[in-house]
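The values are calculated or read from the model by the stated rules, or taken from the named source; none is laboratory data. The structure displayed is predicted, hence computed values, not measured ones. Please note: Cβ atoms are built from the backbone with ideal geometry, for glycine as well, and neighbour counts cover all protein chains shown. When the accessible area is computed, the model is the full protein with side chains, heavy atoms only, and any ligands, DNA or RNA have been set aside. Shrake-Rupley method; radii C 1.70, N 1.55, O 1.52, S 1.80 Å.
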Amino acid sequence: MELRHLTAFVAVAEELHFGRAARRLQMAQPPLSQQIRQLERELGVQLFERNTRSVRLTSAGQSFLEPARTVLLDADAAARAARAAARGEYGRVTVGFAGASSHETLPRLTRAVRAAHPGIELVLTGQTYANVALARVAEGALDLGFVRLPVTRPGVRTRVIHDEELICALPSDHELARYERIPVAALAKEPFVGFPANAGSSLRDATVRACDAAGFTPQVVQEAPDSHTILALVAAGVGITFTLTSCRHIQQNGLVYRPFDGAPIRLRAALAWRADNPSAALRSVLAVAEQVLPTPVFTETEGTGGGDAAWDGD
């Protein structure tokens, strides 16, 4: 049984006239009659009573009509869904991100995708460190990842969506909090709070690189899995941490942020995806991202201020 047989049957059943049904289907009458006979043979029942003057549905034909209409409607809906999916209007896109640093970019993207493509489901996986997100994109476990440059994975494409600066978070009663800017080297003997080692945090890697460039290795006394917990520990006086300008929205009693003295230490946030990912839904999401998360123009960030003195080296 083929869809053409069901289409022929429904046309004849609704017209109750082979000639009109043939014109409706834009075909000759003999092939139409042949399709009806083929369908009847396959079903083993007579669907129509026909003579030279009239065509009527048999009881079997009456029972077969509504299910046949349903099959044709479902087939049409399936075809339309497939074409819409090919255009990127429907589908499922998996996205990995780290919570605090994506608090501005992720909501803008998800809201815009829902508005432009309500048929696309975004499956969001939080607490995915940038390096982990990159690895999962590269292996095909994620369609899209919020990552940080540099990215050297073959086959992975990226686009910068945000330019951030590494800053220091420290207890408000810390002796260095009175300075407007703090040299990284001044923190050599400070206890650090940070992300777990080898967990895939690009921020942890950036912290180690900045300290190494200043001539010391950070002494991490406490680890935590997310920025909110890390900054709460800093506010509690456990230690200091390096964080990003995108995390300054986290405000707690006993916590202050200070930029570093000297040239800003920058990290660029980006979207990453496999170049060979065939998903049309992903392409639609990337197109929306181009509109709501455009690549920024690089500019030097001015000091955030908040202290009352310049660093004097003591």
*Within the group P225, P154, which residue is under 30 Å from A287 (Cα atoms), of a type outside the set (A, V, I, L, M) and open to solvent by 60 Å² or more (accessible area, probe 1.4 Å)?*
P154
_Residue ranges of helices (runs of 4 or more DSSP H) in region 1-117 with at least 3 members touching a helix residue (DSSP H, G or I) at 6+ places or on another chain (Cβ under 7 Å) and under 30 Å from N131 (Cβ atoms)_ = 105-116
*Quick check: is even one residue across region 165-173 at pLDDT 95 or above, over 15 Å from the mean Cα position of the chain (by Cα), more than 19 Å from I230 (Cβ to Cβ) and open to solvent by less than 30 Å² (accessible area, probe 1.4 Å)?*
no
_Conditions (1) under 22 Å from the mean Cα position of the chain (by Cα); (2) not aromatic (F, W, Y); (3) not in a strand (DSSP E or B): number failed by A197_ = (1)
_Residues of region 184-194 classified as open to solvent by 30 Å² or more (accessible area, probe 1.4 Å) and assigned to a helix (DSSP H, G or I), total_ = 2
*Within region 235-279, can you find the residues that are buried (at least 18 other Cβ atoms within 10 Å of the Cβ), within 24 Å of V147 (Cα to Cα) and small (G, A, S)?*
S246, A269, A270, A272, S279
*State the number of residues belonging to region 218-241 that are among the aliphatic types (A, V, I, L, M), without any contact (Cβ under 8 Å) to a residue 40 or more places away in the chain and part of a strand (DSSP E or B).*
2
*L134 versus (1) in a helix (DSSP H, G or I); (2) loosely packed, with under 15 Cβ neighbours inside 10 Å: which is the lone unmet condition?*
(2)
*Taking into account only those residues within region 41-65 that are closer than 19 Å to R4 by Cβ and within 49 Å of the chain's Cα centre (by Cα), which is most open to solvent (accessible area, probe 1.4 Å)?*
E42
*For region 137-157, which residues satisfy the criterion of being closer than 18 Å to V288 by Cβ and in a strand (DSSP E or B)?*
L144, G145, F146, R157
